[in-house]
């Protein structure tokens with residue numbers, strides 16, 4: 001394993017854990033730590049963004065260029081993840097299984113369609 005991959009794996013794991021813990025702290029009322037959860041989640045997001053820059057620097061890749069395609073891909077991924085999460089909420093929180101499964105499937109399809117959008121079909 002290359003050093004850059006190892007560093008990206010460690011930083012990505014730490015940022016993911018911080019973000020997930022922050023969201024749990026925010027969304028679980030029993031924990032009574034909404035504000036602390038928001039802070040921890042934002043720290044996780046910032047660390048994830050830093051991870052991308054560190055990995056690209058270690059791989060000696062050019063900086064990311066912000067164009068319409070990149071913005072579209074990011075927004076499409078966010079919408080897909082939100083749809084998947086909304087479907088899970090419908091199933092687990094609001095006990096509406098049929099609608100939740102349908103919305104979740106749409107989210108999964110959206111996330112899977114990111115692969116051909118980014119890499120293309122050969």
ask   = Taking residue 37 and the conditions (1) more than 22 Å from residue 15 (Cβ to Cβ); (2) more than 16 Å from the chain's Cα centre (by Cα); (3) in a helix (DSSP H, G or I), which numbered condition does it fall short on, given that it satisfies the others?
value = (1)
message = Among the numbered criteria (1) without any contact (Cβ under 8 Å) to a residue 12 or more places away in the chain; (2) closer than 30 Å to residue 103 by Cβ; (3) loosely packed, with under 14 Cβ neighbours inside 10 Å, which one does residue 65 miss?
response = (2)
task = Given the conditions (1) under 29 Å from residue 119 (Cα atoms); (2) over 13 Å from the mean Cα position of the chain (by Cα); (3) at pLDDT below 95, report the number of the one that residue 12 does not fulfil.
result = (2)
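Let's see how each residue does on (1) surrounded by 13 or more Cβ atoms within 10 Å (Cβ to Cβ); (2) in a helix (DSSP H, G or I); (3) without any contact (Cβ under 8 Å) to a residue 12 or more places away in the chain:
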position	(1), (2), (3)
70	no, yes, yes
79	yes, yes, no
84	yes, yes, no
87	yes, yes, no
91	yes, yes, no
95	no, no, yes
98	no, yes, yes
103	yes, yes, no
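Of the residues 75, 66, only one is modelled with pLDDT of 90 or more and either in a helix (DSSP H, G or I) or out of contact with any helix residue (DSSP H, G or I) (no Cβ under 8 Å at 6 or more places or on another chain) (or both); which? Don't jump to the end; show me each part of the working.
Working: 66 fails: modelled with pLDDT of 90 or more.
The match here is 75.
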request  = Assess whether residue 18 counts as being surrounded by 13 or more Cβ atoms within 10 Å (Cβ to Cβ) and outside the structural domain of residue 113 (by TED's automatic domain parsing).
outcome  = yes
ask   = What number of residues within the range 33-44 are under 27 Å from residue 108 (Cα atoms) and exposed (fewer than 14 other Cβ atoms within 10 Å of the Cβ)?
value = 1
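The values are calculated or read from the model by the stated rules, or taken from the named source; none is laboratory data. Computed from a predicted structure; not experimentally measured. Positions of Cβ are generated from backbone atoms using ideal geometry, with glycine treated the same way; all protein chains shown enter the neighbour counts.
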